[in-house]
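What follows is one structure encoded as C-alpha cells, with my remarks underneath.
The values are calculated or read from the model by the stated rules, or taken from the named source; none is laboratory data. Quick caveat, the model's predicted, so the values are computed rather than measured. No Cβ is skipped: glycine too gets one built from the backbone with ideal geometry, and neighbour counts run over all protein chains shown. Ligands, DNA and RNA are stripped out before the accessible areas are found, and what is left, the full protein with its side chains, is counted by its heavy atoms. Shrake-Rupley method; radii C 1.70, N 1.55, O 1.52, S 1.80 Å.
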Amino acid sequence: MLLAMHGNSSPVRSRQSDVHDRLDEVVRRHLAQPWRAPVHAATERALAPLLDELAAWRGPVVLDSGCGDGASTLRLAYRHPSALVIGLDKSAQRLQRLAPGGWLRRGNVCLCRAEVAQAWRLLARAGIRLDAHWLLYPNPWPKPTQLLRRWHGHPVFPDLVRLGGRLEARSNWPLYLAELARALDLCGQRSRLTILPPEEPVLTPFESKYRDSGHTLWRLQAELD
C-alpha cells in the first residue's frame, strides 16, 4: 500500500478567517447559470472506457475524486467490496505506479487519469448516480482571491451535487469545509462538520502526514438528494 509519507507539515495559512464574503453570490450564480465551457476533448477520450464500464455495471458506484497515487481508492475498494470504486486524478505522475497508462480496471477498482471537474460534467451528463463520493484533502487554495478554484466556488459545483450519494470531504483546514457546508446549504443539502476521530483508519498519504504532524483533521458528511 502506498502510504509512506512522514515528516512535519505546516498548517494551512490564509488571510481569510471566515467564510468568504462572496461565496453566496458565486454559488447562486453557478446554480442559475450552468457551466457552458466546452468539455475538453482529451477528457472525453480518457473517460470513454470508464463510461463503457459504468454502462455495463449494475451495482453501486463509489467515486474517489483527486485520488492521487490511488492508495485511497484501493482502501475504499476494500471497504466497498460490492461497489465499483473509481479513482480520478489528473496527474500521470501520481498514477504512474498503479495505472501507468492512465487507466486500470482490476477487481472492483477503476483508476482513470482525467481532469476531475470535466469528468464530473461528463458523469453527470451520462446520468451517473453515485452511492458514495469522497473528496480527500483537496487543494485548499487558501488565498482569498482563489475562491473560484475551490470546489464549492467552481462552476462545476452543481454537477458535484447532481452526482448525489453520501459525500464525505476531509481537510486539515476547517474553513474549506465550512464553506462547502454553506454551499451545500444553498443547494438545499444538509451536511455535518465534525472532527475526524483519531482512531479513524488513514485513507491517504496526506492524511497520514497531517496526522503525524499533529494537525486536527476535519470531515464533512452529507447525503446528497
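Residues are listed down the side, and each one gets a yes or a no for (1) in contact with a strand residue (DSSP E or B) (Cβ under 7 Å, 6 or more places away or on another chain); (2) among the charged types (D, E, K, R):
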| position | (1), (2) |
| --- | --- |
| R125 | no, yes |
| K143 | no, yes |
| R149 | no, yes |
| F157 | no, no |
| G165 | yes, no |
| A169 | yes, no |
- Just to be sure, is S65 open to solvent by less than 60 Å² (accessible area, probe 1.4 Å), among the small types (G, A, S), within 25 Å of P174 (Cα to Cα) and touching a strand residue (DSSP E or B) at 6+ places or on another chain (Cβ under 8 Å)? yes
- Pairing a residue in the stretch 170-189 that is over 21 Å from T204 (Cβ atoms) with any residue that is modelled with pLDDT under 95 and surrounded by fewer than 22 Cβ atoms within 10 Å (Cβ to Cβ), where Cβ atoms lie under 7 Å and the two sit 6 or more apart in sequence or on different chains, gives Q189/D225
- Item | Test: T194 is more than 27 Å from L84 (Cα to Cα), part of a strand (DSSP E or B) and modelled with pLDDT of 95 or more | yes
- Item | Those residues of the stretch 110-169 which are more than 23 Å from D225 (Cβ to Cβ) and hydrophobic (A, V, I, L, M, F, W, C), in sequence order | C110, L111, C112, A114, W141, L147, L148
- The residue from D18, D24 that alone is of a type in the set (D, E), more than 29 Å from G70 (Cα to Cα), out of contact with any Asp or Glu (no Cβ under 7 Å at 6 or more places or on another chain) and open to solvent by 90 Å² or more (accessible area, probe 1.4 Å) is D18
- Query: Looking at the stretch 148-176, which of its residues are open to solvent by less than 20 Å² (accessible area, probe 1.4 Å) and within 13 Å of R190 (Cα to Cα)?
  - Reply: V161, G164, G165, L167, E168
- Query: Which helices (runs of 4 or more DSSP H) does the stretch 14-116 wholly contain that include 2 or more residues that are among the aliphatic types (A, V, I, L, M) and farther than 25 Å from E207 by Cα?
  - Reply: 23-32, 41-56
